[in-house]
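The values are calculated or read from the model by the stated rules, or taken from the named source; none is laboratory data. These numbers come from a predicted model, not from an experiment. Cβ placement follows ideal geometry from the backbone for every residue including glycine, while neighbour counts extend to all protein chains displayed. Heavy atoms of the whole protein, side chains included, go into the accessibility calculation; ligands, DNA and RNA do not. Shrake-Rupley method; radii C 1.70, N 1.55, O 1.52, S 1.80 Å.
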Amino acid sequence: MIETFILYNAILLLSVLFAYYAEHSKTRRSRILARYSLFMVLFVPSVLRYDIGTDYSFYVDAYNSFFLLSDYEFGFRIIVNLLNYFSLPPQSLFVFTSFLIYAPVCFFFKREGYFFKITLYLLLFYLYSYNVIRNSIALSFLLLALETYFSGDKFKAYIIYAIACLFHYSILFFIPLFLLDFI
């Protein structure tokens with residue numbers, strides 16, 4: 001039990017450290033290295049997990065059953081079908097989805113306020129991402145869409161938002177955020 005606390009606190013501490021370094025470092029190379037390090041700190045524990053999270057067994061069952069897969073959103077079905085096409089094991093689903101969850105946050109957020117954004121993401125959503133994978137993918141893309149939208153590239157934000165909707169229909173409730181600009 002204590003190992004779990006040590007692991008998650010180490011993830012938090014290292015992630016916050018790398019996020020701070022990614023925002024405040026003087027050279028571009030060190031900022032990129034800090035972002036990759038942050039990504040690996042989040043990605044590796046998520047990939048190496050086995051039977052952690054409330055939905056883990058449901059995702060493994062959906063991966064192994066064509067009939068259960070039909071209940072999921074289009075984006076998730078594409079991922080599962082692609083991985084099944086290459087005859088990859090069910091754990092590959094967690095590798096691929098972990099990449100989709102953490103890559104938008106780690107690599108595409110703007111430098112300004114990066115430390116604050118990552119800290120909030122870690123405290124609010126990181127452990128959540130172990131339980132509800134499809135929703136976490138959608139949420140990561142939604143956060144990226146909002147970041148893009150508020151930086152002025154609205155068309156790109158709409159495309160990213162559409163990608164988010166492919167992974168979980170609950171993200172459709174955020175449409176009013178994008179319509180605020182028209183009011």
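For the range 90-107, the count of residues that are in a loop (DSSP other than H, G, I, E, B), closer than 19 Å to residue 131 by Cβ and touching a residue at least 24 places away in the same chain (Cβ under 8 Å) is at least one.
Where residues in the range 160-183 are surrounded by 13 or more Cβ atoms within 10 Å (Cβ to Cβ) and among the β-branched types (Val, Ile, Thr), which of them is farthest from residue 104 (Cα to Cα)? Ranking the candidates gives 171 first. Annotation: of all residues in the range 154-183 being more than 20 Å from residue 136 (Cβ to Cβ) and among the aromatic types (Phe, Trp, Tyr), the one that is modelled with the lowest pLDDT is 182.
Taking the criterion of being more than 28 Å from residue 162 (Cα to Cα), among the aliphatic types (A, V, I, L, M) and assigned to a helix (DSSP H, G or I), the only residue of the range 42-80 that qualifies is 48.
Rundown of residues vs (1) over 22 Å from residue 124 (Cα atoms); (2) aliphatic (A, V, I, L, M), yes/no style:
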{"position": "35", "(1), (2)": "no, no"}
{"position": "65", "(1), (2)": "yes, no"}
{"position": "78", "(1), (2)": "yes, yes"}
{"position": "102", "(1), (2)": "no, no"}
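Could you tell me how many of the residues in the range 76-109 are hydrophobic (A, V, I, L, M, F, W, C) and open to solvent by 40 Å² or more (accessible area, probe 1.4 Å)? The qualifying residues number 9. Considering only residues that are without any contact (Cβ under 8 Å) to a residue 40 or more places away in the chain and open to solvent by 30 Å² or more (accessible area, probe 1.4 Å), which ones fall in the range 19-35? Those that are without any contact (Cβ under 8 Å) to a residue 40 or more places away in the chain and open to solvent by 30 Å² or more (accessible area, probe 1.4 Å): 21, 26, 27, 28, 29, 32, 33. Residue pairs whose Cβ atoms lie under 8 Å apart, sitting 6 or more positions apart in sequence or on different chains, and linking a residue in the range 1-17 that is among the aromatic types (Phe, Trp, Tyr) to a partner that is in a helix (DSSP H, G or I), are 8/127. Within the range 126-151, if we keep just the residues that are of a type in the set (Phe, Trp, Tyr) and more than 22 Å from residue 57 (Cβ to Cβ), the residue that is most open to solvent (accessible area, probe 1.4 Å) turns out to be 150. Only one entry in 170, 87, 92, 151 is over 17 Å from the mean Cα position of the chain (by Cα), among the polar types (S, T, N, Q) and over 24 Å from residue 34 (Cβ atoms), namely 87.
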